[in-house]
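The values are calculated or read from the model by the stated rules, or taken from the named source; none is laboratory data. As the structure is a prediction and not an experimental result, all values here were calculated from the model. Cβ placement follows ideal geometry from the backbone for every residue including glycine, while neighbour counts extend to all protein chains displayed.
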DNA sequence: CGATATAGACAGATAACCTGTCTATATGTC
DNA sequence: GACATATAGACAGGTTATCTGTCTATATCG
């Protein structure tokens with residue numbers, strides 16, 4: 001009734017992908033806020049996802065996340081202010097600085113993984129573990145090259 | 001090597017959902033630009049997706065899209081400037097205006113549907129139609145309540 | 001050593017949202 | 001019909017997450 005256009009055209013795959021993605025995002029970042037990290041936002045995952053144990057260069061992080069150095073610098077700056085990261089000069093290159101997680105940052109990373117797993121478990125509870133595994137397999141296949 | 005963290009934790013479902021979603025988005029809106037609609041951006045789909053044939057009220061569009069009236073007004077304003085929409089007073093309510101697609105707006109809608117179908121067909125070509133149908137079925141199931 | 005490339009800082013812009021407030025118009029109640 | 005309340009949307013202003021362009025300091029290569 002309200003969505004005459006959509007149902008006539010049926011829902012696009014993009015729309016169908018976005019719904020659970022955004023739902024998971026709300027659940028995960030809501031959970032993070034509830035666990036005492038209210039200033040961690042979805043965009044920050046670009047940092048957490050790629051940062052190496054021994055620290056990473058801004059430029060490398062930006063490249064891995066597929067964004068500009070400036071954008072990454074903005075995200076890193078916010079996280080550093082919140083005490084999730086520290087930066088130190090790179091001893092092997094005077095131009096560079098290494099960005100490293102603090103203990104607090106590592107706790108966020110752990111929480112992020114745990115909350116994602118919980119959200120995924122809720123999906124398994126809804127559609128069954130087999131369907132979830134199928135979904136995962138297809139998405140992994142799509143992610144490949 | 002670079003993604004030690006991620007592979008250790010394996011890729012989150014959220015991450016796996018986002019990749020094809022963003023890819024489709026790039027393909028669809030890139031295609032739209034190539035077809036002569038370079039000023040249509042992903043956010044505008046919130047308007048196209050919900051607008052009724054006879055015109056819709058701003059407030060209704062905002063509600064259907066899950067955003068504020070102000071945000072919807074911003075999107076509608078841009079589309080009206082581009083000649084994709086017109087607004088007219090609602091004859092049944094002096095406070096309201098009806099937002100309607102122009103012929104140009106309808107061409108965008110058609111292109112949006114066609115380009116989404118093409119993107120989906122490319123996925124079918126990669127993973128096979130059966131896998132795509134499975135993906136769609138699971139996502140539809142997740143979208144339900 | 002000098003030319004060129006790279007790391008990241010600084011300045012400024014834009015898109016896509018948000019909250020809060022205000023006016024005009026409707027609507028339901030007495 | 002008057003008045004209280006609700007609704008439609010405009011106006012002002014803020015934030016987040018990106019971008020481009022430019023600049024300096026440091027490296028590296030020939």
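Quick look at the numbers
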| read-out | value |
| --- | --- |
| Criterion (under 26 Å from residue B:123 (Cβ atoms), more than 16 Å from DNA strand D (Cβ to nearest atom) and either surrounded by 17 or more Cβ atoms within 10 Å (Cβ to Cβ) or away from chain B (no Cβ under 11 Å) (or both)) met by exactly one of A:134, A:140 | A:134 |
| Residue in the stretch A:19-26 that is surrounded by fewer than 18 Cβ atoms within 10 Å (Cβ to Cβ), at the interface with chain B (Cβ under 9 Å from one of its Cβ atoms) and more than 30 Å from residue B:47 (Cβ to Cβ) present | no |
| Some residue of the stretch B:21-28 being out of contact with any helix residue (DSSP H, G or I) (no Cβ under 6 Å at 6 or more places or on another chain) and within 13 Å of DNA strand D (Cβ to nearest atom) | yes |
| Selection within the stretch A:57-79 - in contact with a helix residue (DSSP H, G or I) (Cβ under 7 Å, 6 or more places away or on another chain) and closer than 20 Å to residue A:104 by Cα | A:58, A:61, A:72, A:73, A:75, A:76, A:79 |
| Matching entry among A:60, A:47 (being more than 21 Å from residue A:32 (Cβ to Cβ), outside any strand (DSSP E or B) and modelled with pLDDT of 95 or more) | A:60 |
| Pick from the stretch B:30-40, criterion within 14 Å of residue B:84 (Cα to Cα) and touching a residue at least 24 places away in the same chain (Cβ under 8 Å), ranking: surrounded by the most Cβ atoms within 10 Å (Cβ to Cβ) | B:40 |
| Subset of the stretch B:43-58 (residues that are within 13 Å of DNA strand C (Cβ to nearest atom) and surrounded by fewer than 15 Cβ atoms within 10 Å (Cβ to Cβ)) | B:43 |
| The lone exception for residue B:74 - which of (1) within 14 Å of DNA strand C (Cβ to nearest atom); (2) under 14 Å from the mean Cα position of the chain (by Cα) it fails | (2) |
| Residue A:125 vs. criteria at pLDDT 95 or above and surrounded by fewer than 14 Cβ atoms within 10 Å (Cβ to Cβ) | yes |
